[in-house]
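The values are calculated or read from the model by the stated rules, or taken from the named source; none is laboratory data. Just so we're clear, the structure is a prediction, and the values are computed from it rather than from any experiment. Every residue, glycine as well, gets a Cβ built from its backbone with ideal geometry; the counts of neighbours run over all protein chains shown.
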Amino acid sequence: MSIPKVMGTEIEYGITVRNDRDFDPIASCVLLVNAYREEHAGRILWDYDQENPLADARGFQVDGEKYTPNQQENIARNKTLVNGARFYVDHAHPEYSCPEVTNVRDLVIHEKAGERVIEMARHEASALLPPGAQLLIYKNNSDRKGNSYGSHENYLVDRRTSFKQIVEHMMSFLVTRQVYCGAGKVGSENRAQPCEYQITQRADFFETEVALDTMVKRPIINTRDEPHADREKYRRLHVIVGDSNMSEYTIYLRNGATALVLSMIEDGAIKKDLSLRDPVRAIKEISHDPSCRREIAMESGKKLTAVQIQREFLELALQYASSHTLDDVTKDVLAKWQHVLEQLERDPMGLTREIDWVAKKALIESFMERKGLDWESPQVQMLDLQYHDSRADKGLYAMLERQGRMERIVTDAEIITAVTEPPHDTRAYFRGECLKRYPAQVFGVNWDSISFGIGDEPIKRVLMGEPLKGSKAHVEDLLAASPTAADLVKNLRA
Amino acid sequence: MADTTQKQKPKRGGDGEETGTGESGQKLAKKGAELKEEMDALVDEIDEVLEENAEEFVKNYVQRGGE
C-alpha cells in the first residue's frame with residue numbers, strides 16, 4: 001500500500017571568491033553559513049549521534065569512520081532554521097536541506113526558499129570580505145574540470161516494499177527522466193565522449209548501477225539506508241542522480257513524477273519489464289543526445305528512446321490513476337508529464353518555458369548566433385555557469401524568469417513566506433516552532449529528534465520518528481500550553 | 001521582491017506548421033520578425049549581465065568534489 005510521499009531535497013552549491021588569492025572553500029562556507037542570521041542563531045548542535053550513513057539498504061553495514069565534528073566545529077558548520085531547514089557546510093560546499101513536505105508543490109516552494117536563504121547569506125558574507133573580493137554561489141553540479149557536487153532527493157517509502165523491487169523498477173525511470181529533468185551542460189567531463197552540449201550536468205559522473213558511495217564511482221541508485229524515521233516502518237530513498245534545477249516547472253516534474261512512480265512500485269502497479277541492457281552506458285548516451293532520438297537497448301531486446309521509455313511509465317501511471325484516488329497536485333503532475341513527453345516527441349526545443357536544459361540551450365544558441373561564437377568559446381562556457389548564478393540581477397535563469405519567459409508553478413509571496421515559515425503538515429513544523437519559541441533551550445537537532453537543555457537538568461531528547469507527526473494540527477495545542485521549554489517537556493511526559 | 005505579472009510570450013517551437021504564400025506567408029514572416037526582435041532583446045540583456053572576463057572566470061572556477 002502506498003504511503004504519503006513525504007519528501008525533501010538537499011542541494012550542494014558551488015562557491016567561489018573573486019579577487020582573493022587566499023580563498024579557501026571551507027572557510028568561505030563557514031563564513032557563508034554564519035552570515036545568515038536568525039534570532040535564535042546561538043549554539044545549537046546538529047545531533048550526529050543517531051546518524052548511520054554506512055548502513056546499506058541491501059542489508060549490511062559497511063566498515064568505516066563516520067564523520068562527527070567536535071562541538072565547536074559542529075556549531076560553526078550547522079544551522080537549523082526556523083522554517084525547519086538545515087543550512088550547513090558539507091565538505092567544501094554550502095548545503096541547504098529543505099524541511100520535509102508532503103507534496104511536490106510545497107517542495108518547489110521550499111527548494112526556492114532555500115535559494116533565497118543562500119542568496120541572503122551570500123550578500124551578507126560578501127560584505128565581510130577584503131575590499132574588492134566578492135563571494136559567488138552557483139546552483140549547479142560541476143566545475144567543468146571533473147569535480148561534481150550533488151542535488152539529492154529524498155522520498156519516504158514503505159519499508160515493506162523490498163529494495164530489490166525499487167532498484168528493478170527505478171533504474172530505467174531514473175536513467176530516462178533526464179529528458180525533462182536535465183539542467184544542461186556545455187561539453188563533457190570525467191573522460192566521457194566529447195560533445196558540444198548535453199542534457200544533464202551529472203550523467204558523465206555516474207559509473208556504477210547500485211552502490212553506497214556518493215562521492216566516487218557514483219551509482220545511479222544509492223543504497224544509503226538512513227531513514228531518519230522509524231526504521232521498522234520506513235525507508236528513505238536517497239536519489240543522487242539528478243541535476244540542480246532552476247526552473248520551477250522542472251523541479252515540480254522531477255520530484256512529482258518520481259514520487260508517483262514510487263507510489264506505483266509500492267502498490268505493485270509496474271507490471272512491465274522496462275529494464276535496460278546497460279544503464280550506466282545509457283545514461284550518458286541519452287545525455288549526449290539533445291535531439292532525444294537515440295535508441296537505447298532494453299534487456300528484452302527491443303530498442304526504445306528515452307522518451308518512449310518514459311511514455312511506458314506514463315501509460316502505467318494513467319492506468320494507475322484510473323483505479324486509485326490521486327490528490328490534485330499529483331493529477332496536475334500527471335497532466336504536465338504527459339504534455340512534456342508529447343512535446344519532446346515533436347520537438348524538444350518547444351519546451352523553452354518549462355525545462356532547464358532546453359531554456360539554457362535556446363539562450364546560448366541565440367547568443368552564439370548573434371555573436372558568431374561556437375561551443376568552445378569561453379563566453380558560452382560562462383553562460384552555462386551564469387545560468388545558475390544565485391544573484392537576482394546576474395543569474396541568467398533569474399533574468400528569464402523576471403522577463404516572464406518561464407512557466408511558474410508557485411508565487412514569489414509563497415517563497416518568501418517559506419523562508420521563515422515551516423510546512424504545516426510535517427514534523428518540520430514542530431522543529432521550526434521549537435526554534436522560534438525556545439531558542440535558548442534547544443541543545444541539538446536532527447531530522448528525527450530535538451533535544452532540550454533546561455537549567456542543570458540532563459539533556460532531554462524528544463524523538464520524532466513519524467514524519468507526519470509534529471504537524472500544526474498535531475502540536476498547536478501542546479505548544480499553546482507550553483510557554484517555556486520546561487513546560488513543553490512536562491506536557492510531553494503527561 | 002514584488003510579485004510580477006507574467007508577460008505572455010508566444011511559445012516557440014513547432015506546434016503546427018504554416019506553409020505557403022499570401023496571407024499565411026505574411027503572417028509567418030511577421031511572426032519571424034517578432035521572434036527575431038525578441039531574440040535580439042534577449043541577447044542584449046544577456047550582454048549586460050554576462051561576466052566580463054569569461055575566460056579567466058571559467059578557468060578559475062574550481063570546486064572540490066562533493067556528494
Residue that is farthest from A:Thr330 (Cα to Cα) [pool: residues in region A:195-225 that are buried (at least 18 other Cβ atoms within 10 Å of the Cβ) and of a type in the set (Asp, Glu)]: A:Asp204
Of the criteria (1) away from chain B (no Cβ under 14 Å); (2) of a type in the set (Asp, Glu); (3) not in a helix (DSSP H, G or I), which one A:Glu354 fails: (1)
Residue in region A:252-262 that is assigned to a loop (DSSP other than H, G, I, E, B) and of a type outside the set (Ser, Thr, Tyr) present: no
Residues (over 19 Å from the mean Cα position of the chain (by Cα) and more than 14 Å from A:Glu38 (Cα to Cα)) located in region A:417-441: A:Thr417, A:His424, A:Asp425, A:Tyr429, A:Phe430, A:Arg431, A:Gln441
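If I ask for residues that are over 22 Å from A:Thr200 (Cα atoms) and in contact with a helix residue (DSSP H, G or I) (Cβ under 9 Å, 6 or more places away or on another chain), which ones from region A:227-259 would you list?
Result: A:His228, A:Arg235.
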Boolean, A:Ile265 is closer than 26 Å to A:Leu385 by Cα, buried (at least 19 other Cβ atoms within 10 Å of the Cβ) and not hydroxyl-bearing (Ser, Thr, Tyr): no
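Hey, any hits in region A:165-172 for a residue that's among the charged types (D, E, K, R) and on the phi > 0 side of the Ramachandran plot?
no
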Residue list for region A:408-423, restricted to those being at the interface with chain B (Cβ under 9 Å from one of its Cβ atoms), among the charged types (D, E, K, R) and touching a residue at least 40 places away in the same chain (Cβ under 8 Å): A:Arg408
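Tell me, please, whether a residue that is in contact with a Ser or Thr (Cβ under 9 Å, 6 or more places away or on another chain) and more than 28 Å from B:Asn53 (Cα to Cα) can be found in region A:412-420. So that I can check it myself, show each step before the final result.
Step one: of region A:412-420, the residues in contact with a Ser or Thr (Cβ under 9 Å, 6 or more places away or on another chain) are A:412.
Next, only the ones that are more than 28 Å from B:Asn53 (Cα to Cα) stay: A:412.
There is at least one residue in region A:412-420 that is in contact with a Ser or Thr (Cβ under 9 Å, 6 or more places away or on another chain) and more than 28 Å from B:Asn53 (Cα to Cα).
Which fully enclosed strands (runs of 3 or more DSSP E) of region A:136-232 have 2 or more residues being more than 14 Å from every other protein chain (Cβ to nearest Cβ), over 29 Å from A:Glu115 (Cα atoms) and at pLDDT 95 or above?
Details: elements: A:151-158, A:206-211, A:218-222.
Those strands (runs of 3 or more DSSP E) span A:206-211.
State whether the residues of region B:5-23 include one that is assigned to a helix (DSSP H, G or I), at pLDDT below 90, farther than 30 Å from A:Ala27 by Cα and more than 7 Å from chain A (Cβ to nearest Cβ). Break it down into steps so the answer makes sense when it comes.
Step one: list which residues in region B:5-23 are assigned to a helix (DSSP H, G or I), which gives B:22-23.
Okay, now just the ones that are also at pLDDT below 90, so B:22-23.
Now drop any that are not farther than 30 Å from A:Ala27 by Cα, which leaves B:22-23.
Then keep just the ones that are more than 7 Å from chain A (Cβ to nearest Cβ); that gives B:22-23.
Yes; the residues of region B:5-23 include at least one that is assigned to a helix (DSSP H, G or I), at pLDDT below 90, farther than 30 Å from A:Ala27 by Cα and more than 7 Å from chain A (Cβ to nearest Cβ).
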Selected residue [within 30 Å of A:Ser390 (Cβ to Cβ) and among the charged types (D, E, K, R)] from A:Lys302, A:Lys284, A:Lys271, A:Lys331: A:Lys284
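Does region A:364-377 contain any residue that is small (Gly, Ala, Ser), without any contact (Cβ under 8 Å) to a residue 24 or more places away in the chain and either not in a helix (DSSP H, G or I) or not assigned by TED's automatic domain parsing to the domain that holds A:Val186 (or both)?
Step one: list which residues in region A:364-377 are small (Gly, Ala, Ser), which gives A:366, A:372, A:377.
Keeping just the survivors that are without any contact (Cβ under 8 Å) to a residue 24 or more places away in the chain gives A:366, A:372, A:377.
Checking which are either not in a helix (DSSP H, G or I) or not assigned by TED's automatic domain parsing to the domain that holds A:Val186 (or both) leaves us with A:372, A:377.
Yes, that holds for at least one residue.
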Candidate set from region A:384-393 (those that are touching a residue at least 60 places away in the same chain (Cβ under 8 Å) and under 16 Å from A:Gly184 (Cβ atoms)); member that is nearest to the other protein chains (Cβ to nearest Cβ): A:Leu385
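Return yes when A:Tyr429 is more than 30 Å from A:Phe452 (Cβ to Cβ) and among the aromatic types (Phe, Trp, Tyr) and no when it is not. Break it down into steps so the answer makes sense when it comes.
Details: more than 30 Å from A:Phe452 (Cβ to Cβ): no; among the aromatic types (Phe, Trp, Tyr): yes.
Here the answer is no, as A:Tyr429 does not meet what is asked.
Would you check if A:Leu396 is farther than 30 Å from A:Met171 by Cα, buried (at least 22 other Cβ atoms within 10 Å of the Cβ) and at the interface with another protein chain (Cβ under 9 Å from one of its Cβ atoms)?
Spelling it out, A:Leu396 is indeed farther than 30 Å from A:Met171 by Cα, buried (at least 22 other Cβ atoms within 10 Å of the Cβ) and at the interface with another protein chain (Cβ under 9 Å from one of its Cβ atoms).
Please determine whether any residue of region A:281-295 is at pLDDT 95 or above and over 22 Å from A:Glu196 (Cα atoms).
At the first step, the residues of region A:281-295 found to be at pLDDT 95 or above are A:281-295.
Checking the rest, the ones that are also over 22 Å from A:Glu196 (Cα atoms) come to none.
No: zero hits.
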Subset of region A:328-350 (residues that are facing another protein chain (nearest Cβ under 9 Å) and free of Cβ contacts under 8 Å to residues at least 12 places away in the same chain): A:Gln343, A:Arg346, A:Asp347, A:Gly350
